[in-house]
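S.K.: Dropping the structure in here first, questions after.
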Ligand SMILES: [Zn+2]
């Protein structure tokens, strides 16, 4: 009987049917690799390589984020290939206005979403671990824009990851420069296949994210260094 139970457990684990404590099944590295055979656009691509000139400021690879803890071991920005292609087009359009993209976060392993939820349980600002985040699907980008000449960030209504109402894209802004900057980032991203989040001016979802699964693959696993 014990042997049968063990075999059953191994079978379930092998098939990837085991769920986490929030009842969500996140894709493993093996499943992700398998999915690429029939859907190559699901590939997670390194944005620093795919979009030359893009700037990274991966806050969760530092302690400078709302958890106060270093969540990632590597400072990386990955997204699904179709998302990266749309972002590349957005970068070309931004360049016409003399600005470039700076990324705070892109693909996020599911375990990080669980951690965020356990630190800060308000799902207005952090994704519910019961559903997972669009970042977990490789379909969301947290970003701002920088002046291409100086490299400085353009002024926005709040800092990245602010939990204030001023971070909501629909909150009126008095300062005309800040309003212009916010309008620029949102309009360019939305013309290129993204939709801004209702409570975060810096968060953009790829339109069509529903077709991509939640994944729990670390950057080290992805790069084969672990
Ligand atoms: Zn985000």
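S.K.: For region 182-194, check the following and say yes or no: at least one residue is more than 18 Å from the chain's Cα centre (by Cα), at pLDDT 95 or above and in a strand (DSSP E or B).
M.R.: No; the residues of region 182-194 include none that is more than 18 Å from the chain's Cα centre (by Cα), at pLDDT 95 or above and in a strand (DSSP E or B).
S.K.: Moving on to the next point. Among what's in region 135-148 and is more than 14 Å from the ligand (Cβ to nearest atom) and within 20 Å of the chain's Cα centre (by Cα), pick the residue that is surrounded by the fewest Cβ atoms within 10 Å (Cβ to Cβ).
M.R.: Per the criteria, the residue is 146.
S.K.: Can you name every residue in region 200-222 that is within 16 Å of the ligand (Cβ to nearest atom) and surrounded by 17 or more Cβ atoms within 10 Å (Cβ to Cβ)?
M.R.: 200, 201, 202, 203, 204, 205, 206, 209, 212, 214, 215
S.K.: Another question, if that's okay. Quick check on my filter: what residues within region 33-46 are outside any helix (DSSP H, G or I) and in contact (Cβ under 8 Å) with a residue 12 or more places away in the chain?
M.R.: Matches in region 33-46: 43, 44, 45, 46.
Conditions (1) touching a residue at least 24 places away in the same chain (Cβ under 8 Å); (2) surrounded by 15 or more Cβ atoms within 10 Å (Cβ to Cβ); (3) under 12 Å from the mean Cα position of the chain (by Cα), marked per residue:
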position: 48; (1), (2), (3): yes, yes, no
position: 52; (1), (2), (3): no, no, no
position: 83; (1), (2), (3): yes, yes, yes
position: 94; (1), (2), (3): yes, yes, no
position: 115; (1), (2), (3): yes, yes, no
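S.K.: Hey, another quick one. Please enumerate the residues belonging to region 71-112 that are away from the ligand (no atom under 16 Å from the Cβ), assigned to a loop (DSSP other than H, G, I, E, B) and either out of contact with any helix residue (DSSP H, G or I) (no Cβ under 8 Å at 6 or more places or on another chain) or within 16 Å of residue 139 (Cβ to Cβ) (or both).
M.R.: 98
S.K.: Got at least one residue in region 149-156 being farther than 24 Å from residue 123 by Cβ, under 17 Å from the mean Cα position of the chain (by Cα) and either within 16 Å of the ligand (Cβ to nearest atom) or in contact (Cβ under 8 Å) with a residue 24 or more places away in the chain (or both)? First the steps, then the outcome.
M.R.: We begin by selecting, within region 149-156, every residue farther than 24 Å from residue 123 by Cβ; these are 149-155.
Narrowing further to those that are under 17 Å from the mean Cα position of the chain (by Cα): none.
No: zero hits.
S.K.: Tell me which residues, restricted to region 113-134, are part of a helix (DSSP H, G or I) and away from the ligand (no atom under 12 Å from the Cβ).
M.R.: Listed by number, the residues that qualify are 114, 115, 117, 118, 119.
The values are calculated or read from the model by the stated rules, or taken from the named source; none is laboratory data. From a predicted model like this one, the values you see are computed outputs, not experimental measurements. Here the Cβ is made from the backbone with ideal geometry for all residues, glycine too, and neighbour counts use every protein chain on show.
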